[in-house]
Amino acid sequence: MAKQYDHINQRIQKFIAAQKIFFVATATDQSRINLSPKGMDSFRVIDKNKVLWLNLTGSGNETAAHISTDGRITIMFCAFEGAPMILRLYGKGKVINPNDEQWSSVVELFPKQAGTRQIIEIDIEMVQTSCGMSIPYFDFKEERLQLDDWAQNKGEEGIKEYWKEKNELSIDGIPTKIQEGY
């Protein structure tokens, strides 16, 4: 049932654009596997083998630590309405920080968002679809606004202090290099 492709075709790009949630998985050979749900308007297909994800401030920064060490990343989308499908994008990621040369050209691809931390650029090596026939239906109600409200209330300096306290090391003690990026 699974099909593999070497790029994101138009049908898959259309599927991605319709999804409200996706999942990010990363690990190093010495770390726990991190698997996180993501939402909001934070994912862009740039071309058939490159995607961007706007990484917002959260309780940890595992993805940046893992990518800086290993690079491997998997993105998964599931159809919760319509025809069943599970989509996985396998690739190598790179963290783009605000002091990186390409920041200004990529951050403009996303809505301005309080708490923006990094952008993750992923070079896609393999695309895989599978049936998803056991995935239940869910109805989308609305986006949660709590993260945006929290980040706005903290303000830019409060966010940077939070990064110092909570986002400099992964749960396995791997540096995220967040302070170097600003």
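Rule-based calculations on the coordinates, nothing more; no lab input. Please read all numbers here as calculations on a predicted model, not as lab measurements. FYI the Cβ positions are ideal-geometry reconstructions off the backbone, even for glycines, and counts take in every protein chain you see.
Rounded if a/c is under 1.5, else prolate if a/b beats b/c, else oblate: with a ≥ b ≥ c from the C-alpha gyration tensor eigenvalues square-rooted, which is the range 20-96?
prolate
Past 25 Å, Cα to Cα, is the threshold; run K20/K50; K3/K50; K92/K141; K38/K160 against it and keep the listed order.
Beyond 25 Å: K92/K141.
Normalised by the empirical 2.2 N^0.38 Å for globular proteins, what value does the Cα Rg of the chain take?
For the chain, the normalised Cα radius of gyration comes out at 1.03.
Given points 7 Å out from each Cα along the Cα-Cβ axis, report the E142 to F80 separation in nanometres with one decimal.
For the pair E142/F80, the computed spacing is 1.6 nm.
Taking a cut-off of 16 Å, what percent of all Cα-Cα pairs in the range 88-141 are separated by more than that?
62 percent
Return the loop-located trypsin sites (Lys or Arg not before Pro) in the range 108-163 (DSSP other than H, G, I, E, B) with at most 13 other Cβ atoms within 10 Å of their own Cβ; answer none if there are none.
Filter output for the range 108-163: K112, K141, R144.
Mean 1/r over all different Cα pairs, inverted: what Kirkwood radius does the range 111-162 give, in Å?
15.0 Å
Once you put a point 7 Å from the Cα of A17 and another 7 Å from the Cα of D149, both along the Cβ direction, what distance in nm separates them?
In this crude spin-label approximation the distance works out to 3.2 nm.
Could you state, as a whole-number percent, how many of the C-alpha pairs of the range 50-152 are farther apart than 22 Å?
45 percent
Please list, or write none, the aspartates and glutamates whose alpha carbon is within less than 20 Å of the alpha carbon of K177, excluding same-chain residues fewer than 8 places away.
The reachable aspartates and glutamates, counting only those whose Cα sits under 20 Å from K177, are D29, E62, D70, D100, E101, E121, E156, E157, E161, E165, E168.
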